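S.K.: Below is one structure. I have some questions about it.
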There are 2 protein chains.
Amino acid sequence: MAYELLAPIASIFALLFAAFSAWRVHKGETGTARMNDISQAIRDGAMVYLRKQYQTIAIFVAIIAMALGLALGAFTALAFVTGAIFSALAGYIGMAVAVRANVRTAQAARSGLSGALMTAFHGGTVMGMMVVGLALLGVYLLYLASGDPFEVVGFGVGASLVGLFARVGGGIYTKAADIGADLAGKVEEGIPEDDPRNPGVIADLVGDNVGDVAGMGADLFESNVGSILAAMLIGVIGATEYGREGVSFPLAFQAAGIFSTILGILLVRAWKEAHPQTALNRGIFASGILVTIAACILAQEMFGGLNVFYAALSGISAALVLGLITQYFTSSDKPPVRAIAKSSRAGSATSILTGLAMGMTSAGLPVVVICGAIILAYEFAGVYGVAIAALGMQSIAGIIVAVDAFGPIVDNASGIAEMSGLDPKVRRTTDALDSVGNTTKAICKGFAISDAGFETIALFLVYMLHANLDTVLLTTPSVIIGLFIGGVLPFVFSGLCLQAVGKTAFQMVEEIRRQFREISGLKEGRTKPDYTRCVDISTSAALRNLVAPGLMTIAIPLVVGFTLGPEAVGGLLIGSIVTAFPMAIFMAYAGTAWDNAKKYIEEGHLGGKGSLTHHAAVIGDTIGDSFKDTAGPSLDVLMTILTTVSILFAPLF
Amino acid sequence: MAYELLAPIASIFALLFAAFSAWRVHKGETGTARMNDISQAIRDGAMVYLRKQYQTIAIFVAIIAMALGLALGAFTALAFVTGAIFSALAGYIGMAVAVRANVRTAQAARSGLSGALMTAFHGGTVMGMMVVGLALLGVYLLYLASGDPFEVVGFGVGASLVGLFARVGGGIYTKAADIGADLAGKVEEGIPEDDPRNPGVIADLVGDNVGDVAGMGADLFESNVGSILAAMLIGVIGATEYGREGVSFPLAFQAAGIFSTILGILLVRAWKEAHPQTALNRGIFASGILVTIAACILAQEMFGGLNVFYAALSGISAALVLGLITQYFTSSDKPPVRAIAKSSRAGSATSILTGLAMGMTSAGLPVVVICGAIILAYEFAGVYGVAIAALGMQSIAGIIVAVDAFGPIVDNASGIAEMSGLDPKVRRTTDALDSVGNTTKAICKGFAISDAGFETIALFLVYMLHANLDTVLLTTPSVIIGLFIGGVLPFVFSGLCLQAVGKTAFQMVEEIRRQFREISGLKEGRTKPDYTRCVDISTSAALRNLVAPGLMTIAIPLVVGFTLGPEAVGGLLIGSIVTAFPMAIFMAYAGTAWDNAKKYIEEGHLGGKGSLTHHAAVIGDTIGDSFKDTAGPSLDVLMTILTTVSILFAPLF
């Protein structure tokens, strides 16, 4: 019991630290009136969208909560609603701070790099601490109230539901705006990124916040909840040898993760004079080392042996190796990105072909690493070990989210600097930070995907054990049918996401073209564009298009379960992971590689900015944008929600 | 025993009919000297490539045969070599006739449509009859010699190996040439398709033969063998209730398919005055109806009941429904293609995005249809029923291959007409046939994929039964690892194929650009380009790049089997099908849809030929080319070869 108590203490610490970080952001200067105007426009657009998104989601939450209450009891419904609210809260507060940190980062950049770095990082820290604090607090309180981790699954489903809608909706919003603004502005009109003459520029900057801050936060929130739950659930049913400690360990381990993360974050502060990437890396590595030591001590104290620790370590090591693999496939100084850049010389078709090919091929290694980690974790601690390995990856989620949210904040700061006509030196400072943000974003993406893959394997095993399906044969026809349906689901889901982005980007391009055509003096910078129209297009399209993929994902396991039986759902779950995992890697790596190939050319290689080669690479980057920021990350949530919904409804199949 | 004898009779009939069709092609006129020169250049390029390809494959065949002989006995090695030789023979003879039919089709087109239709169709018929005749003959003779279908599996592996190399090699060849010629010629220089000034035009026309004739034939040959084998093998081990008839029925059923197909082909002759598409459709439908009746009679006679017939019927019906689904997603008068065409208005990025999205989404329905057919087939006749359903699809392969090979022959005829400066009326005739060829090609593609999916599920079940793995649990860790490795394999494999196409197309573009730059008077048509250089680029690149994906596919099940055990291979097999099937559908549908969206615009819609919208659609089509003709169809073979290799080596794992 004593170790469990670490959980509420750590989560309250996390929330307090979030408040402290928010205060540190808030006390920063906000700069010129022009900067404040732009920041206000971004803030308004983002908050309006987020509120509307939550209103849309609230309807589904209410209906599902009623259904859950009738079918599975009031506590499950309560847990579900709490999960949804906590997720929304983390997203809301995190984003509310991020849209205030952007202008303060731009202002800080006027006096140097280190102040800007810290302001943006404090902004990101709020999201990171909200996510891990609320996740652990919610799980702990509901477990305290019910005494049974299975009663807490509803919390996970609520979190997944909001996570899914936020990822899909935010992803459609941000990429439709980004692609639309790029195609009609940068490609067709030849004006620079973030140019105030581009009617889509505010929508683009809003998109960074609703997609890469709020959406990402909700995604990581549900991963965090899922990982803790998976380990607790297996602690109850699968690994009786660990007794009650099997349920307490995940809570304590996660608490240790929060403390390690906070220390890691404080270290970023201490070494503020170093290169920005080094400063952030130090924080991440310090967190990782601290949590490893903590896991070792906890395992020894709670289980009297290190087997569980070794399982955790295999998860942490896999995360590390995957980080290196991600860097190899997405960094502009490595062969894959160079190959894409070079192939752009023959036009956009070969550029896209090479990127698609590279992305597909690159999915192989991460799968091998994950398989290796599963084998190790299983050898050390059985099914429980697999869940602990997933939790090991999640343990430093606090700083990962912080570093990830850092990206869109500096991206916004760059935009504000450009649009307010600040000294080009400021823009260079924010651009330097932006490029750091891109690298960390890619690493975090790899982290989120592998974590989701790992975690859902653990949840799949929970489902099989919970539904007494551990005697089901691989050759059972309904299992094979389930595998097929699960396997095609990520294709259909990604297709719907990409379709929404494509359609909305098309509308955006037409609107921007219209404004350039109809508003006289716009191109010359004498008149202002109508930013609001573009914000509205993204807002309504995102809200309209998040419903279908979201509902489909919840409905399909239920339909399969009630018609083909629980074995088919087992097939469905593992089938969906088997496809979604490589697909998510493919999309994330290809998307980032195209992006960096474009940047590599922009640095002056192969003809540089404005050349035909560059033009071809921009097209590739555009396709990649919706891969890496809409469809790809949404697949993480897809995997989790399928499993949590199935576990929840398993007794009824 | 009596029914089995239908097999040798039917296969000899098929081979004789192939000879008859070849004679009918040969007696056609060959036209002007210029036409013969061009045809000769295509013929030389194609035959040189095919011979070199077979030389490359022969090395692998020899090594593997020796290994098989040592590990599994001389008969298996013999069966393997026979499979490889028969496949190569079918491809060689089929293509040798196709490269003679092209010029005769062009010449016949000078006097009208119906003669040209029949010449091209006779040419395709040779390939169709060679494929089904040699497949059935090979299986029958080896079964006769050994008395045990398991001794015949080596024949299937030999056929799959050649099929894989031919599909991958031919696919890389044809698409690198096609894309290179299109990008550098059509897009950059603005000269028409098949223009003699384009240095890549001969390589492009050669590619149609080595990829779409020889490669496709080898692919369908191995599917045909695989389907017959799967049913015979399950007849032996899985469904003892059917006794010896369980092994004879597949042979008799396939023989009935050949007879029905020959009658269907003769009917195309009889109604030669109808619209070309109608004429071909009548042949296909007639074959389908005849084989259905035959299956009904055979099942009643051999088993005294219709359950097995119903299983076959569910396969035939699924093929029909899938044909309709294929048409919906790929025809230019249906919403998906229209949406792609419309999205091209905002540039190539949205065009590609919409195509990718549409393709991914479209994979859902075919999976549902296949699942439905599996459930039905299983209800009627258990695991044996699933294999029979696959065979039901394959029963009319003869005419499907004939109609599919018809496409590249008329495509070549168009090219020859254009390059020889024949009357534009001739080109219009061949273009009308070419457009028919595109539709039938798409339907055949859907057919080949669903057939491969169905068949490999049956082969997966054979593997599980044969290796005594029918008690393996879905939750076994090694099964889960196997599922993951299997699931990522189609991604890596497709990535390697696309990479090869991208790289070679890039070389081709550079070479064509060089010739336009360095050969004076080329653009104006005063001097001739150096066609041979382009042919050489495609030839050597295809030969170089077919090795890696091919060897990987054979090595991986062995590595997994010997290190992780036979259960892991079970996971690997079903995991690979679960991913490869939707992926193949996605690539085939998206590729064809882009192609038809481009054609729709070329017909004068949305700005017509030469507009920016058209330009965007051409880029989409280029990406799609390598999807639908290289990576997509290669996945069919990938699925089969994994299963046949695993069955063969199962006793050693």
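The values are calculated or read from the model by the stated rules, or taken from the named source; none is laboratory data. This structure is a prediction, so every number in the text was calculated from the model and none was measured. As a convention, Cβ positions derive from the backbone with ideal geometry for all residues, glycine included, and neighbour counts pool all protein chains shown. Surface accessibility is based on the protein's heavy atoms, side chains included, excluding ligands, DNA and RNA. Shrake-Rupley method; radii C 1.70, N 1.55, O 1.52, S 1.80 Å.
S.K.: State, in angstrom, two size descriptors of the stretch A:169-264 derived from its alpha carbons: Rg to one decimal place and Dmax to the nearest whole number.
M.R.: Radius of gyration, then largest Cα-Cα span, for the stretch A:169-264: 21.8, 67 Å.
S.K.: Report the Cα centroid-to-centroid distance between the stretch B:437-502 and the stretch B:607-623 in angstrom, as an integer.
M.R.: 34 Å
S.K.: Could you compute how much accessible area chains A and B hide from each other, both sides summed, with a 1.4 Å probe? Nearest 100 Å² is fine.
M.R.: 6200 Å²
S.K.: While we're looking at this one, here's another question. Could the peptides B:420-426, A:119-125 be put in order, highest first, of the mean number of other beta-carbon atoms found within 10 Å of their residues?
M.R.: Listed from highest to lowest mean packing, they are A:119-125, B:420-426.
S.K.: Please list A:455-465, A:64-74 highest first by mean number of surrounding beta-carbon atoms within 10 Å per residue.
M.R.: Ranked by mean Cβ neighbours within 10 Å, highest first: A:455-465, A:64-74.
S.K.: From zero outward in steps of 10 Å, how is the percent of C-alpha pairs of the stretch A:511-653 spread across the bins?
M.R.: 10, 23, 26, 21, 12, 7, 1
S.K.: Rounded to the nearest whole Å³, what is the per residue volume of the convex hull around the Cα atoms of chain A?
M.R.: Residue-normalised Cα hull volume stands at 127 Å³.
S.K.: Just counting partner chain Cβ atoms within 10 Å, what average do the residues of peptide A:334-347 show around their Cβ?
M.R.: Mean number of neighbouring Cβ atoms from other chains: 3.
S.K.: How far is helix B:424-466 tilted off the main Cα axis of chain B, in degrees rounded to 10, range 0 to 90?
M.R.: Roughly 20 degrees, rounded to the nearest 10.
S.K.: Taking the Cα centre of the protein assembly as shown as origin and charging only Cβ (+1 Lys, Arg; -1 Asp, Glu), how large is the dipole, in debye to the nearest 20?
M.R.: For this selection, approximately 2420 debye.
S.K.: I've got another one for you. Taking the alpha-carbon set of the stretch B:571-653, what are its Rg and Dmax in Å?
M.R.: Spelled out, the Cα radius of gyration and Dmax of the stretch B:571-653 are 18.3, 62 Å.
S.K.: Another question about this same structure. From zero up to wherever the largest Cα-Cα distance of the stretch A:18-72 sits, split into 5 Å bins and tell me the percent of pairs in each.
M.R.: In whole percents, the pair-distance histogram is 4, 15, 11, 14, 15, 12, 9, 8, 6, 4, 2, 0.
S.K.: Additional query: With each label point set 7 Å from Cα along the Cα-Cβ vector, what nm distance links A:K528 and A:I12?
M.R.: The modelled label-to-label distance comes out at 4.8 nm.
S.K.: Given an 8 Å cut-off on Cα distances and at least 6 residues of separation, report the relative contact order of chain B as a percent.
M.R.: 22 percent
S.K.: Under the definition of partner shielding as Cβ atoms of other protein chains within 10 Å of a residue Cβ, what is the mean value for peptide B:145-153?
M.R.: 0
S.K.: Just the number please: accessible area per residue for the protein assembly as shown, 1.4 Å probe, all protein chains included, in Å².
M.R.: Result: 28 Å² of accessible area for each residue.
S.K.: Between beta-carbons, use under 13 Å as the cut-off and find the net charge around B:T643, counting Lys and Arg +1, Asp and Glu -1.
M.R.: That sum, taken over residues with Cβ under 13 Å, equals -3.
S.K.: On the Cα set of the stretch B:232-330, report Rg and Dmax in Å, please.
M.R.: Rg, Dmax (Cα atoms, Å): 15.9, 50.
S.K.: Over 32 Å between C-alpha atoms is what I'm after, so list which of A:K445/A:K609; B:K528/B:K598; B:K27/B:K523 land there.
M.R.: Over 32 Å apart, Cα to Cα: B:K27/B:K523.
S.K.: Percent of alpha carbon pairs in the stretch A:1-130 separated by more than 27 Å?
M.R.: For the stretch A:1-130, the fraction of Cα-Cα distances above 27 Å is 37 percent.
S.K.: Further question on the same structure: At q = 0.18, 0.21, 0.24 Å⁻¹, what base-10 log of I(q)/I(0) does the Debye formula yield for the stretch B:288-386 when every alpha carbon is treated as an equal point scatterer in vacuo?
M.R.: So the normalised log intensities are -0.82, -0.97, -1.13.
S.K.: Related question: Quote the FRET efficiency, to the nearest 0.05, computed for A:Y328 versus A:F285 with a Förster distance R0 of 22 Å and r equal to the Cβ-Cβ distance.
M.R.: So the FRET efficiency works out to roughly 0.75.
S.K.: Let me ask something else about it. Considering only protein heavy atoms and a 1.4 Å probe, what is the carbon-and-sulfur percentage of the accessible area of chain B?
M.R.: Of the solvent-accessible surface of chain B, carbon and sulfur hold 62 percent.
S.K.: Rank A:N224, A:V321, A:A256 by how far each Cα sits towards the positive end of the charge dipole of the stretch A:190-329 (+1 on Lys, Arg Cβ; -1 on Asp, Glu Cβ) and give me just the farthest.
M.R.: A:A256
S.K.: If you don't mind, there's one more thing I want to ask. Using only Cα atoms, find the angle between the long axis of helix B:397-419 and the longest principal axis of chain B, and express it within 0 to 90 degrees, rounded to the nearest 10.
M.R.: The two axes meet at around 10 degrees.
S.K.: Another question, then. Return the ratio Rg/(2.2 N^0.38 Å) for the stretch A:277-332, where Rg is computed over Cα atoms only.
M.R.: 1.38
S.K.: Let me ask something else about it. Just checking the output field for A:494-507: average partner chain Cβ neighbours within 10 Å of each residue's Cβ?
M.R.: 6
S.K.: Which three extents, in whole angstrom, do the alpha-carbon atoms of the stretch A:499-580 cover along their principal axes, largest first?
M.R.: Extents along the principal axes, in whole Å: 66, 21, 13.
S.K.: Using the Cα atoms of the protein assembly as shown to build a convex hull, what is its mean projected area in square nanometres?
M.R.: Averaged projected hull area, Cα only: 44.7 nm².
S.K.: For the stretch B:327-417, what's the relative contact order in percent, using C-alpha pairs closer than 8 Å and at least 6 residues apart?
M.R.: 11 percent
S.K.: Right, next: Taking R0 as 60 Å, what's the FRET efficiency between A:R244 and B:E379 from their Cβ-Cβ distance, rounded to 0.05?
M.R.: Step by step, r from the Cβ atoms, then E = 0.80.
S.K.: For chain A, what is the charge dipole size about the Cα centre, in debye to the nearest 20, if Lys and Arg each add +1 at the Cβ and Asp and Glu each add -1 at the Cβ?
M.R.: Using only the charged Cβ atoms, the result is roughly 1240 debye.
S.K.: While we're here: Identify all lysines with a Cα-Cα distance to A:K425 below 16 Å; exclude those on the same chain that are fewer than 8 residues away in sequence.
M.R.: none
S.K.: Please compute the Cα-Cα pair-distance distribution of the stretch B:92-216 with 10 Å bins starting at 0, giving whole percents from short to long.
M.R.: Result, from short to long distances: 12, 29, 31, 17, 8, 3, 0 percent.
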